[in-house]
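Below: the structure, in structure tokens.
The values are calculated or read from the model by the stated rules, or taken from the named source; none is laboratory data. Just so it is clear, the model here is predicted, and its values are computed rather than measured. For neighbour counting, all protein chains shown are included, and Cβ atoms are generated from backbone atoms with ideal geometry for every residue, glycine included. To get the accessible areas, we keep the full protein, side chains included, count just its heavy atoms, and leave off ligands, DNA and RNA. Shrake-Rupley method; radii C 1.70, N 1.55, O 1.52, S 1.80 Å.
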Amino acid sequence: MIGRPSRPWAGLGSLFAAGLVAAARNVEIVWSVLIGGILGSAYVATLLPGVYTFGDTTKFQYLGRILGTPHSTGYPTYLVLNHLFVRLWPFGSLAQKANLLSAVFTMIAAIVLFKLLLALKVDPFLAVVTSLSFGFTRTVWTQSVIAEVYTLNLLFVATTVSCLVVWHLQRRDRYLRAGLAVYALSFGNHLTMLTFLPAITWLILTTDASSLLRRRNAATTAAFVALGALQYSYIFWRTSVEHPGFLEMRASTLEEFWWWVRGGPFTARMFAFPLEEVVTERLPMAVDFFMGEYGVLTPVILLGVVVLKNFRLNVFLLLCAAGNLFYAINYDVGDVFVYFIPTYFIAAVYLGLGLGSAGRLLARLSAVLAASGGRQAIPPRPGSDPPTLALARAPFVLVPWMLFLANLNVVDQSDNTAAATATEAILREAGANAVIITEGYHYSDYQSLMYYLNGEGRKKDNLYALWAAQPDAVVAYLCEGRPLSLPLQKLEVPPGLDVYALRPPAGLDRVGLCTETGPDCAFAMGRGWRDPETTDPLWWRWSNGPGQVRVFAERDMEVSMGGWLGSRQHPDRVEVLVNGRVARTLDVTSPEAKSSDRSPFGCTRVRTSSSSAPRTRPSALRTIPAAWMSWSTS
């Protein structure tokens, strides 16, 4: 009798079902899924839906997609993981995918924290409470809903510390190898991991100094150290690409690479404070930050320090926090608050230990009260916890819930569409075949434009973005037809495109040229003209062609001239070109030809004869509606 053809996949369904049953019986897996589910739901509900008003975040939303390079120290590990995630994850926009990746890193880090607390004999329920509480602390949550490198750094910290603690407790070398491998790879994301080296050295030397001499351990560690260093070949690779999309950090030589990897332009900000200021200002700042994260839970954290009787482990954890704290308080940077996240993780370990101790104390107290009341204790079912312990756990459910409610309104980014709305309006106004000039160190507007150009395909409209343009270069492009260089993109803009400016770059803030091709236009200066209906300076238009030049100085000076117009900028004067020649030199420090009856808004258009017009019409620098200025200047 011939049976049915065999089907290799026929038993997969039953095997999968059996696996689910086995997983359900594994309490650790159930708790881990619960942690990931709760945190993941909260993070997705509060996730930033698009670009951000802080340029670095927006930059990381698209750099992974195009494999560009950011500022120092390059973050190659994050960029590669970002690239893979946004390519493989099928749902949402590019910005949403990059933002979600931060949430994924935090969820995994919280699960690692849960596993670490179990290794330290913390009650599983209280380990879950601690992991959720840590996930809902303010700074961790804020970094979990935007595209940034700090939650990946958190994951590296959590995994390194967890592996080394388990190795110390169990003396199994595979955990040592895993911990050192992760530590070596972590340098490809954030070099502040160097601050953990004293703690790691302490733990290895005081636990088993000979462990690193064992052949397998030494070979594995050396291999991963080499892999960790090779991650930075990414910078050399992307520097060699002809059109990398965006190249902020570049390295053509080892000397250049070493300058960038040491911090580049941020090197002077490291250890920038005298000792007195560190003690009197920076340390109190760190304490304020810490209290803002944990608040009333701080005594429980201190209790955790006391109840951890393993001296070597206690010193290891405290050295981890101390190294991170020492670097952070000595770093002069505006967003320094995110640099304390590793310290908050170590505090969460102690929080779990403190909650465990408090839980045991409450359980004993409940048992004593029950006995003193003459009630006979109900014996627990096999495999379950005593009723007194279950009762003692109940109040701790409020801890993560309290942090959730306290921080929800502060961290929620789900309705933050201001930057996206403004940038999309700018792109609609510019249309196609244009250059958009921005300014400002945090370059929020510039990076938002770059996101749409690189990440959402608007480059096909022949649009370019230029950050912090040099005035002479813009003048040469508009008036002389020279190409405009975009060094961060390794591109040159061909002449002939319209040029839009969101705000006048320094040196171009006194002259505006109105042409007959455009409607009314306004000109900003150092203090800026004010829109009667807002408090924001108007954006401006600087165009070149048949029309009228108007120059405004701080005393309301106004000069009008007709013809084909151009200008040359000088520190104290502006040379106005009419039909290619210097027709007038304006002293921009004194009033000249002031006209009190004319408004600075709009201009009278002037037509000239065709004989005086050049064959090729120059480019035009134009304004974009002032309604969006409130975002651009924030």
TODO: Can you confirm whether the range 170-180 contains a residue that is touching a residue at least 60 places away in the same chain (Cβ under 8 Å), open to solvent by less than 20 Å² (accessible area, probe 1.4 Å) and assigned to a helix (DSSP H, G or I)?
DONE: no
TODO: Kindly indicate whether residue 33 is surrounded by 10 or more Cβ atoms within 10 Å (Cβ to Cβ), modelled with pLDDT under 90, among the β-branched types (Val, Ile, Thr) and over 19 Å from residue 140 (Cα atoms).
DONE: no
- [ ] Only residues that are among the hydrophobic types (A, V, I, L, M, F, W, C) and either out of contact with any Leu (no Cβ under 8 Å at 6 or more places or on another chain) or open to solvent by less than 10 Å² (accessible area, probe 1.4 Å) (or both): list them for the range 91-100, please.
- [x] 91, 94, 95, 98
Open item on the list: Between 532, 504, which is buried (at least 18 other Cβ atoms within 10 Å of the Cβ), at pLDDT below 80 and outside any helix (DSSP H, G or I)?
Closed with: 504
Open item on the list: Can you find, within the range 69-90, the residue that is surrounded by the fewest Cβ atoms within 10 Å (Cβ to Cβ) among those that are in contact with a Lys or Arg (Cβ under 7 Å, 6 or more places away or on another chain) and not hydrophobic (A, V, I, L, M, F, W, C)?
Closed with: 83
TODO: Filter the range 38-58 for residues that are modelled with pLDDT under 95 and part of a helix (DSSP H, G or I) and give the result.
DONE: 55, 56, 57, 58
Open item on the list: Going residue by residue through the range 294-306, is there one that turns out to be among the hydroxyl-bearing types (Ser, Thr, Tyr) and either crowded, with 18+ Cβ neighbours inside 10 Å or under 21 Å from the mean Cα position of the chain (by Cα) (or both)?
Closed with: yes
Open item on the list: When you check residue 121 against the structure, is it among the basic types (Lys, Arg), assigned to a helix (DSSP H, G or I), touching a helix residue (DSSP H, G or I) at 6+ places or on another chain (Cβ under 8 Å) and open to solvent by 10 Å² or more (accessible area, probe 1.4 Å), yes or no?
Closed with: no
Open item on the list: I'm trying to understand the selection: among the residues of the range 307-318, which are open to solvent by 60 Å² or more (accessible area, probe 1.4 Å) and either assigned to a helix (DSSP H, G or I) or polar (S, T, N, Q) (or both)?
Closed with: 311, 312, 318
- [ ] Of the conditions (1) modelled with pLDDT of 75 or more; (2) under 25 Å from residue 249 (Cα atoms), residue 434 clears all except one; give me its number.
- [x] (2)
- [ ] Considering every residue within the range 126-143, establish whether at least one is modelled with pLDDT of 95 or more and not in a helix (DSSP H, G or I).
- [x] yes
Task: Leading residue by the ranking (nearest to residue 46 (Cα to Cα)) among those in the range 79-101 that are among the hydrophobic types (A, V, I, L, M, F, W, C) and in a loop (DSSP other than H, G, I, E, B) - done: 91
Open item on the list: As an exercise: evaluate residue 115 against (1) within 30 Å of residue 301 (Cα to Cα); (2) within 17 Å of the chain's Cα centre (by Cα) and give the number of the one condition it does not meet.
Closed with: (2)
- [ ] Pairs only if they're at least six apart or on different chains, beta carbon under 6 angstrom, first in the range 345-363 and free of Cβ contacts under 8 Å to residues at least 40 places away in the same chain, second among the hydrophobic types (A, V, I, L, M, F, W, C) and open to solvent by less than 10 Å² (accessible area, probe 1.4 Å); list them, first residue then second.
- [x] 362/392; 363/392
- [ ] Only residues that are touching a helix residue (DSSP H, G or I) at 6+ places or on another chain (Cβ under 6 Å) and modelled with pLDDT under 90: list them for the range 397-422, please.
- [x] 418, 419, 422
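For (1) aliphatic (A, V, I, L, M); (2) modelled with pLDDT of 90 or more; (3) surrounded by 13 or more Cβ atoms within 10 Å (Cβ to Cβ), each residue gets a yes or a no:
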{"position": "231", "(1), (2), (3)": "no, yes, yes"}
{"position": "235", "(1), (2), (3)": "yes, yes, yes"}
{"position": "238", "(1), (2), (3)": "no, yes, yes"}
{"position": "243", "(1), (2), (3)": "no, no, no"}
{"position": "247", "(1), (2), (3)": "yes, yes, yes"}
{"position": "255", "(1), (2), (3)": "no, yes, no"}
{"position": "264", "(1), (2), (3)": "no, no, yes"}
{"position": "268", "(1), (2), (3)": "yes, no, no"}
{"position": "276", "(1), (2), (3)": "no, yes, no"}
Open item on the list: Which count do you get for residues in the range 181-196 that are part of a helix (DSSP H, G or I), open to solvent by 40 Å² or more (accessible area, probe 1.4 Å) and in contact with a helix residue (DSSP H, G or I) (Cβ under 6 Å, 6 or more places away or on another chain)?
Closed with: 1
Task: So residue 270, is it under 29 Å from the mean Cα position of the chain (by Cα), of a type in the set (A, V, I, L, M) and over 16 Å from residue 138 (Cβ atoms) - done: yes
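Residue by residue, here is whether (1) within 23 Å of residue 75 (Cβ to Cβ); (2) touching a Lys or Arg at 6+ places or on another chain (Cβ under 9 Å) holds:
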position: 248; (1), (2): yes, yes
position: 255; (1), (2): yes, no
position: 273; (1), (2): no, yes
position: 279; (1), (2): no, no
TODO: Go through the range 202-215 and give me each residue that's surrounded by 13 or more Cβ atoms within 10 Å (Cβ to Cβ) and among the charged types (D, E, K, R).
DONE: 208, 214
- [ ] Would you mind stating whether residue 291 is surrounded by fewer than 19 Cβ atoms within 10 Å (Cβ to Cβ), among the hydrophobic types (A, V, I, L, M, F, W, C), more than 22 Å from residue 152 (Cα to Cα) and without any contact (Cβ under 8 Å) to a residue 12 or more places away in the chain?
- [x] yes
Task: Single unsatisfied condition, residue 138 versus (1) open to solvent by less than 30 Å² (accessible area, probe 1.4 Å); (2) closer than 28 Å to residue 51 by Cα - done: (1)
TODO: Quick one: which residue in 218, 199 is in a helix (DSSP H, G or I), crowded, with 16+ Cβ neighbours inside 10 Å and not β-branched (Val, Ile, Thr)?
DONE: 199
